[in-house]
Amino acid sequence: MNIAILFFGIASIANVSGAEKVFVDMANRFVKEGHIVYSIWNDEPGVVPYYSFLPKVRQVNLGLGKIKAPIKYKFIREVAKGLHLNVTNYVDRYKTEKICQSIQEKIKISDIDVMICYEFNSIMVANKLANGKIPVVAMCHNSVEAQIATLTPLQREEASKVTAYQVLMPSFVDKAKKLLNTDIYYIPNVVNPIPDNAIADLSADKTIYNIIMIGRIDRYQKRSLIAIKSFLEIAAHFPNWELHFYGPITDSKYKKEIDEYIESHDLHHQVIYEGITDNSIGVLHDADIFAFPSAFEGFSLALTEANSMGVPAVGFSSAPAINELIEDNVTGFLAKDERDFTQKLSALMKDKKMRIQMGKSAHQAMNKYSPDEVWGMWLRLLNRLVAENK
């Protein structure tokens, strides 16, 4: 197959985040399987991807940089937003036309067998290029509530034109079917397996035990401060425990709020911000508990990496995806609210045997997300769609 993978809803391909990693991993796996893959994105000329493509992947950076639509289109868009009008977004349409023109200058569209879109911007481009003649598969990289339910009626109409829409959790299928008029498929993300002899040793006696939190510093989704407050509420009772949190700062005001809270409440310097890590597996190998206070997720790579490493996690029962990835009282705890989060964290910190047992269960639970299983699901879907189209 000739596969085009499109990703236009990012600030830069040099970003360190889950969607960019999946974008590169997918391209690499498909070329390993013998397919021709075009990975297409738009960035400033010469920007190097953070994650490495294999040499056989045909990398296409359109090099247009930030596309600036005419001011009149922006004015119409803002008026429509303010009045809640369901009208054409001329800014999106302008950008779509520019991107389509650039792609057609670089790739022969008739050679493509199937297109995969990483977000709504790519859906608009793929639908226009395919013109009903090439199968288009759209991906949902977050919860349905966060990515599909937030689309306008016109955007959902556009999204419903794709041949198939992929979601990350089984429960997302029915949710998506209520919002879109196309076929919905469940395919999770890949969780790279950790050998049994390489997982975190939760039985070891340590001078310092570690709670790890990995995720961008973001007030509305990742909510790092919730876990920090929970830990510091009980930290005086656990002098040999520390909380280390990692991730890019995408909300500087929120980071300042976190810093101020730590300064006034962390009496024994037990909370440490470590910045961005490019070695999450190494960090998790030294973890004893994974704290994950997100409000919602699609399929968290950080959480599943922690589970694969054999580290139990604490999350919220109200959080989509998290409440399916964490099996309550088996692979970790699902808290009802912030007070319960503190209590669950304390329970795990007190009980090493519980941590060990939950960690083993978490490690075993990740087998169903192995690369062979997940990429097999993808290739079966793509092969079927291409065969039906021909």
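Please list, ordered by residue number, the helices (runs of 4 or more DSSP H) wholly in the range 132-216 having 1 or more residues that are surrounded by fewer than 21 Cβ atoms within 10 Å (Cβ to Cβ), assigned by TED's automatic domain parsing to the domain that holds GLY376 and hydroxyl-bearing (Ser, Thr, Tyr).
The qualifying helices (runs of 4 or more DSSP H) are 170-177.
Being modelled with pLDDT of 95 or more, assigned by TED's automatic domain parsing to the domain that holds ILE208 and touching a Leu at 6+ places or on another chain (Cβ under 6 Å) narrows it down to one residue among PHE316, PHE299, PHE292; which is it?
Selected residue: PHE292, the only one of PHE316, PHE299, PHE292 that is modelled with pLDDT of 95 or more, assigned by TED's automatic domain parsing to the domain that holds ILE208 and touching a Leu at 6+ places or on another chain (Cβ under 6 Å).
Scan the range 23-50 and report the pairs whose first residue is farther than 14 Å from PHE8 by Cα and assigned by TED's automatic domain parsing to the domain that holds SER12 and whose second residue is buried (at least 20 other Cβ atoms within 10 Å of the Cβ) and among the aromatic types (Phe, Trp, Tyr), with Cβ atoms within less than 6 Å and a gap of 6+ or a chain change.
Pairs found: VAL37/PHE30.
So which residues in the range 227-253 are of a type in the set (S, T, N, Q) and closer than 28 Å to ALA14 by Cβ, if there are any at all?
THR250, SER252
I need the full set of residues from the range 13-28 which are in contact with a strand residue (DSSP E or B) (Cβ under 9 Å, 6 or more places away or on another chain) and part of a helix (DSSP H, G or I), in order please.
ALA19, GLU20, VAL22, PHE23, VAL24, MET26, ALA27, ASN28
Name the single residue, out of those in the range 63-88 being in a loop (DSSP other than H, G, I, E, B) and under 28 Å from the mean Cα position of the chain (by Cα), that is modelled with the highest pLDDT.
So the residue we want is GLY63.
Only one of ILE211, ILE148, ILE187 is modelled with pLDDT of 95 or more and under 16 Å from the mean Cα position of the chain (by Cα); which?
ILE187
If you go through the range 162-176 one residue at a time, how many are modelled with pLDDT of 95 or more, aromatic (Phe, Trp, Tyr) and out of contact with any Ser or Thr (no Cβ under 6 Å at 6 or more places or on another chain)?
0
Only one of VAL91, VAL31, VAL60 is surrounded by 18 or more Cβ atoms within 10 Å (Cβ to Cβ), modelled with pLDDT of 90 or more and either over 25 Å from GLU158 (Cβ atoms) or over 24 Å from the mean Cα position of the chain (by Cα) (or both); which?
Unique residue meeting the criteria: VAL31.
Looking at the range 322-332, can you tell me whether even one residue there is touching a strand residue (DSSP E or B) at 6+ places or on another chain (Cβ under 7 Å), farther than 30 Å from PRO239 by Cβ and either small (Gly, Ala, Ser) or free of Cβ contacts under 8 Å to residues at least 60 places away in the same chain (or both)?
Within the range 322-332, one or more residues are touching a strand residue (DSSP E or B) at 6+ places or on another chain (Cβ under 7 Å), farther than 30 Å from PRO239 by Cβ and either small (Gly, Ala, Ser) or free of Cβ contacts under 8 Å to residues at least 60 places away in the same chain (or both).
Looking at ASP196, ASP201, ASP205, ASP174, which one is within 23 Å of the chain's Cα centre (by Cα) and acidic (Asp, Glu)?
One residue alone meets the criteria, ASP174.
With the checklist (1) assigned to a loop (DSSP other than H, G, I, E, B); (2) more than 30 Å from ALA291 (Cα to Cα); (3) not aliphatic (A, V, I, L, M) in hand, flag the one item LYS128 doesn't pass.
Checking LYS128 against (1) assigned to a loop (DSSP other than H, G, I, E, B); (2) more than 30 Å from ALA291 (Cα to Cα); (3) not aliphatic (A, V, I, L, M), the one that fails is (1).
Restricting to the range 236-255, name every residue that is assigned to a helix (DSSP H, G or I) and within 18 Å of MET213 (Cβ to Cβ).
Of everything in the range 236-255, those that are assigned to a helix (DSSP H, G or I) and within 18 Å of MET213 (Cβ to Cβ) turn out to be TYR254, LYS255.
The values are calculated or read from the model by the stated rules, or taken from the named source; none is laboratory data. Predicted, not measured: the structure shown is a model, and the values here were computed from it. All Cβ positions, glycine included, derive from the backbone under ideal geometry; neighbour counts span all protein chains shown.
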